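Working notes for the structure below.
The values are calculated or read from the model by the stated rules, or taken from the named source; none is laboratory data. This is a predicted model, so every value here is computed, not measured. When we count neighbours, we look across all protein chains shown, and the Cβ atoms used for this are built from the backbone with ideal geometry, even at glycine. With ligands, DNA and RNA removed, areas are computed over all heavy atoms of the protein, side chains included. Shrake-Rupley method; radii C 1.70, N 1.55, O 1.52, S 1.80 Å.
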Amino acid sequence: MNIIRRKEPEIVDTRGAINKILDGIDIKSVLLITSKAGTIRANHYHKKDTHYSYILSGSVEWSEKRVEGGEVEMQILYAGDMVYTPPMMIHGVRFLDDTTFLVFATESRDQKDYEEDTVRVELIK
């Protein structure tokens, strides 16, 4: 699992801070998602899409497993953490708190395109 933990701001001065979340990535959509504590999202994989999920607030139990097999890997993510999910990686998310996060995706999130690229599975219950 590729996680970036609480990346420190690159610039800090009397005005505040600048924290570069991503750089040099071809992003086609950005989603702001809110989820209630105890709910589950994802339980799917993408054929082509790559995405980065950045936790703004709350905490999540992020699980993933390669489509071609292997063990399920799970990590707890907190505000300031980001996880990279490549294509063909099954991922499921259980929200431990009310959570807000950003998803930066390399493919369009137009509903038709999204559905064609998404395969639903039950990774977590």
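Things worth noting here:
- Reducing segment 75-125 and segment 1-21 to their Cα centroids gives an inter-centroid distance of 22 Å.
- Gain in span if fully extended, Thr34 to Ser57, counting 0.36 nm per residue against the direct Cα distance: 7.3 nm
- Per-residue extension of 0.36 nm, minus the Cα-Cα distance of Glu8 and Asp98, leaves a gain of 30.0 nm for this segment.
- Probe 1.4 Å, protein heavy atoms only - accessible area per residue of the chain in square angstrom: 57
- Of the accessible area of segment 4-110, computed with a 1.4 Å probe over protein heavy atoms only, carbon and sulfur atoms account for 52 percent.
- When the GluC sites (Glu not before Pro) in segment 54-122 are filtered for DSSP coil states and for at most 10 other beta-carbon atoms within 10 Å of their beta-carbon, the remaining sites are Glu68, Glu71, Glu122.
- Sites Val121 and Asp26, calculated FRET efficiency, Cβ-Cβ separation with R0 35 Å, nearest 0.05: 0.85
- Structural descriptor for the chain: relative contact order 37 percent, calculated from alpha carbon pairs under 8 angstrom and at least 6 residues apart.
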